[in-house]
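Working notes, beginning with the structure itself.
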Amino acid sequence: ADCKMNCSGKGSRKIDSDYLDALLDAVPRKGVSFTYSHFDPRQYGWDKKLAEGKTVINFSTENKAAAAASIINGVPSVTVVSNESWQGKKTQPAGWDVRVVRCPAEYRDGFSCRDCGNGLPLCARLDRDYVIGFTAHGSSKKKAADPETRGGCYAAWSLYGFLYFLPRSQPYSVS
């Protein structure tokens, strides 16, 4: 599956560096901050700005192999996997001695990012040797879980996908 939101190739070819810097600095006092990006860190250069004490940006990859390569190159990553691939376990191989760790919120009732990692959620850890895996779900779960099939992005039809496709001349707010 892939989650490229710039399928036409006509979108931006660069990241707003002022916005990226503000995002990286958006860490609450005595807290942590994390997010994800589908923009390739090597192509767009945001991997060079990752640092302790900053927002952790997880590279959202199209498959386990790409996620493992990202980890090997020092960039935290996440990926989507099929429900069947877990086989009742909480980890699975990604390749190159890197493992995929299932998001604990998927299998623990009442558990959220706030409860994860004893105050340092798995996704908020910059220097790690594992990929965070999220199980494909919803109406496009078969597409999302199949690395050979285009589509299936969990964000494509969410509020953020909708906002992405709005003309830039239209003002909008996410409040």
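The values are calculated or read from the model by the stated rules, or taken from the named source; none is laboratory data. Keep in mind the model is a prediction, meaning the values are calculated, not measured. Positions of Cβ are generated from backbone atoms using ideal geometry, with glycine treated the same way; all protein chains shown enter the neighbour counts. Each accessible area value is taken on the protein alone, full model and side chains, heavy atoms only, with ligands, DNA and RNA left out. Shrake-Rupley method; radii C 1.70, N 1.55, O 1.52, S 1.80 Å.
Residues in segment 115-134 that are part of a loop (DSSP other than H, G, I, E, B), in contact with a strand residue (DSSP E or B) (Cβ under 8 Å, 6 or more places away or on another chain) and open to solvent by 30 Å² or more (accessible area, probe 1.4 Å): Arg125, Leu126, Asp129.
Residues that are of a type outside the set (Val, Ile, Thr) and in contact (Cβ under 8 Å) with a residue 12 or more places away in the chain were ranked within segment 100-114; the one that is most open to solvent (accessible area, probe 1.4 Å) is Tyr107. In segment 79-99 there is no residue that is within 18 Å of Gln43 (Cα to Cα), in contact (Cβ under 8 Å) with a residue 24 or more places away in the chain and open to solvent by 30 Å² or more (accessible area, probe 1.4 Å).
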